[in-house]
Amino acid sequence: MNDTHFKRMKDLPSTHLLGTGTPMCAGCGGLQAINDIYDILGEKTVFINAAGCMTLLSVYPFTPFRGSWLYTAMASAPAGAQGVRDALDILLEKKKIGQEENLTAVVLTGDGSAYGMGLSATSAAIDRNLDFIYICYDNEGYGNTGQQYSSATPHGARTSTSSGSMGYPGFKKDLFSIWAAHKPTYVATVIGAEPLDLARKIEKAAQLKGPRFIITLSPCPTGWGFDPQETMQIGKLAVKSGVWPLKEYIDGKIIHTKVPKIRMSVEDYLATQFRFAHLFKPERNTRLIDEIQGRVDEYWDHVS
Amino acid sequence: MYRIRFHGRGGQGMKTAGRILGTAFFNEGYEVQDAPRYGAERRGAPIFSYVRADKKPIDERGIITNPDLIIVADDSLVNIPAAGVMQGLNEHAVLLINSRETAETWQNRLGTKINIIVLPVNSSVPNPAEMPFIGAACVGAAARLLGVVGQSALVDAIHEELQDQGPDIIKANCDRALEAFEYMALYENCVQQRQAASALDYQQPEWIRPVFEKARIAAPTIHAGLTSVQVKTGLWRTLCPIIEYDRCNRCWWICSSACPHNAINVDGSTPVIDYDHCVGCMVCVAQCPPHAISAIPEAEADSEIKKSMQQLAH
Ligand SMILES: Cc1ncc(C[n+]2csc(CCOP(=O)(O)OP(=O)(O)O)c2C)c(N)n1
Ligand code: SF4
Ligand SMILES: [Mg+2]
């Protein structure tokens, strides 16, 4: 990646575009990533947002964005993006606006929308080769409504709707592969705790056309149960333990952008969060911990 | 009827505290209403919880503006107008406050002679606002002040409301509640109930009739960007990060990109904290390589901020 503007941490933007004063939780990993992403996408963007925590970014009459914001139902953000793109294209064609006034349509949704309710609308938008960027901040549950489980919730995690001793019985859906299987222009996973990797991927996505997708794992102090100041450490642990592989899909190929040299044990990651506390107390659930480790190992066994 | 109002910050467990007290009253044979109130804001923002209890059916509704007992889990809320701690404070009311300071200090500060009772902050806790199980402590203390909620009703209520939290957490909450209950023995039964309001006393507010403008389309459109900066989310902070500039390496790209709330500006290559909008997550404190940022309880922060700014000026 020699053509990137972001060679070292020092190259990251020192002025930030997103306004302060938003009502997100202290230490919100989703907000952290969105901040970094917005700095690189820039002001010439329209955000199309499906209901979730980030809807509270723009609560009338306050907005942290410099440009427009459109709110949609949970299942329909990509359809909203189609409307915005079409409107812009018509205005461009009729010369009502010039190229310099063109904007990028950016969908912003949580995992509840991206992995679940909005998946069908997303699939259809890729079919239509919609020119847009989709950002999913994945806090692994329905955060805004009190962290119920979603299809992004990891196996064994406690949520308000999986509060038994085994946690969530299902498995985190592999949305990266589902999206990549549609052969869109670009798909990438990122995390706020790895800002350089994030910046390079957003930079790349911004230069391309067509449907482009970003999933950012978003450590959520409120929903996951940890002290807000640990957001970065937990994000880094997610990468180092192999739980959150950083990768991209482009030109039909999947590339892992940060392969942990020595993978830490998932236990080190799980133990940091209250949602996994039942795996360790009152007694250690070795079977479940080993099962989770086994799945992570199996994933990396297939990465060449 | 008893009217109790809890004040805390998002994340301190005031919603649960209200529920526990409501259930404890219920266990004692009372009719109960309990309801939390919070906005779109998150952790750190002021939140309220209301409990009404009576031996007769309760007809009153809505937020409590004439409390018999006000419980303040976090004394830094008193200065924040939006937290409304002082609302409806009358001579009859009792104010229970979690604080390091004495009741007398609070009486002088607030210029009031009302009955103020301090729930002392455990001095081993660095940040009073983060005192573990503070909600349970507040409920335990409140039960004793009310004098009509006994220990077993209290313990049962904690079990009932926290049943999916596991035995360790339930036990810790019970311990904290009973400890506070014990501590308040001297003030038992100091909260007096009052008559339920009568519909006959209802006074209609002075309604304001808005004048509508002639408009073809009306929509809640925001015409300017960046308006959120007008919201001073710095008020949610309970811990305050202070940069010691003598130790700061000027590696701004670490703290400034890590701050989830964009509250660290970069001036040349010097990071400067925007205290109007820092919500006190302490991510910067955890990330700073030379440990040049420290976390100070908000109540003691003013002088430290001044010192830090002076260092910066030199
Ligand atoms: C169709 C529909 N169902 C339910 C809701 C209520 N709702 C609002 S936000 C939300 C949670 C969304 O979860 P996610 O997309 O993961 O975003 P997060 O809240 O975690 O940021 C829900 C269920 C809604 N707005 N629309
Ligand atoms: S609930 Fe989680 S994702 Fe939502 S604002 Fe709070 S920290 Fe962020
Ligand atoms: Mg979510």
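When only the Cβ of Lys, Arg, Asp and Glu is charged (+1, +1, -1, -1), the dipole of region B:2-196 relative to its Cα centre reaches about 520 debye. Count the lysine pairs in chain B whose Cα atoms lie under 26 Å apart, taking only pairs 8 or more positions apart in sequence or on different chains. Pairs that pass both the separation and distance tests number 6. Shown for chain A are the DSSP H helices of 20 Å or more along their axis, judged by Cα atoms, with a mean Kyte-Doolittle hydropathy of at least -0.5: A:77-93. The fraction of accessible area contributed by carbon and sulfur in region B:1-144 is 49 percent, rounded to a whole number (1.4 Å probe; ligands and nucleic acids excluded). For region A:1-153, the spherically averaged projection of the C-alpha convex hull amounts to 10.8 nm². Its alpha carbons give chain A an Rg and a Dmax of 19.0, 68 Å. What's log10 of I(q)/I(0) for region A:218-304 at q = 0.16, 0.18, 0.20, 0.25 Å⁻¹, Debye sum over Cα points only, no solvent? One equal scatterer on each Cα of region A:218-304 leads to -0.69, -0.84, -0.98, -1.26. Among A:Ile254, A:Ile234, A:Ile133, the residue with the largest mean-square fluctuation in a Gaussian network model of chain A, with springs joining Cα atoms closer than 10 Å, is A:Ile254. Label positions at A:Ser304 and A:Tyr71, each projected 7 Å from the Cα along the C-beta direction, are separated by 4.9 nm. Annotation: per residue accessible area for region B:191-314 equals 63 Å², rounded to a whole number [probe 1.4 Å, protein chains only]. According to the calculation over all Cα-Cα pairs in region B:231-313, the P(r) per 5 Å bin from zero is 3, 17, 29, 29, 18, 4, 0 %. Heavy-atom surface analysis with a 1.4 Å probe gives chain A a carbon and sulfur content of 55 percent of its accessible area.
As a ratio to 2.2 N^0.38 Å, the alpha-carbon radius of gyration for region B:2-196 is 0.93.
Scanning residues 5 or more positions from A:Val187 or on other chains, those with amide H under 5 Å from its amide H are A:Phe213, A:Tyr249, with H placed 1.01 Å from N in the peptide plane.
Rg and Dmax of region A:77-207, both derived from C-alpha coordinates alone, stand at 17.3, 61 Å. Contact residues in region A:215-234 by the 50 Å² criterion (accessible area, 1.4 Å probe, full protein complex versus chain alone): A:Gln229, A:Met232. Evaluated over region A:1-140, the count of Lys pairs having alpha-carbon atoms less than 26 Å apart is 5 (only pairs 8 or more residues apart or interchain). A cut-off of 5 Å between modelled amide H atoms, ignoring neighbours fewer than 5 places along the same chain, links A:Leu246 with A:Thr257, A:Lys258.
Remark: C-alpha extents of region B:188-284 on the principal axes read 68, 63, 16 Å, sorted largest to smallest. Taking the charge dipole of region B:231-313 about its Cα centre, with +1 at Lys and Arg Cβ atoms and -1 at Asp and Glu Cβ atoms, the residue from B:His277, B:Ser256, B:Met309 reaching farthest to the positive side is B:Ser256.
Sorted on the mean count of surrounding Cβ atoms within 10 Å across their residues, most packed first, peptides B:20-29, B:49-58 read B:20-29, B:49-58.
Considering the protein assembly as shown at the alpha-carbon level, its Rg and Dmax are found to be 26.1, 80 Å.
For the peptides B:190-203, A:167-180, residues were scored by their other Cβ atoms within 10 Å and the scores averaged per peptide; the highest-first order is A:167-180, B:190-203. Summary value for chain A: 17 percent relative contact order, contacts being C-alpha pairs under 8 angstrom separated by 6+ residues.
Buried accessible surface for the B/A chain pair comes to about 3600 Å², total over both chains, computed with a 1.4 Å probe. Database remark: amide H of B:Ile47 closer than 5 angstrom to the amide H of B:Gly8, B:Arg9, B:Gly10 (H placed geometrically; neighbours at sequence offset of 5 or more, or on other chains; Pro and chain starts carry no H).
About its Cα centre, chain A has a charge dipole of approximately 180 debye under the convention of +1 per Lys or Arg Cβ and -1 per Asp or Glu Cβ, with nothing else charged.
The values are calculated or read from the model by the stated rules, or taken from the named source; none is laboratory data. Note that the structure is predicted; figures quoted are calculated from it, not measured. Here the Cβ is made from the backbone with ideal geometry for all residues, glycine too, and neighbour counts use every protein chain on show. Side chains included, ligands, DNA and RNA excluded: accessible areas come from the protein's heavy atoms. Shrake-Rupley method; radii C 1.70, N 1.55, O 1.52, S 1.80 Å.
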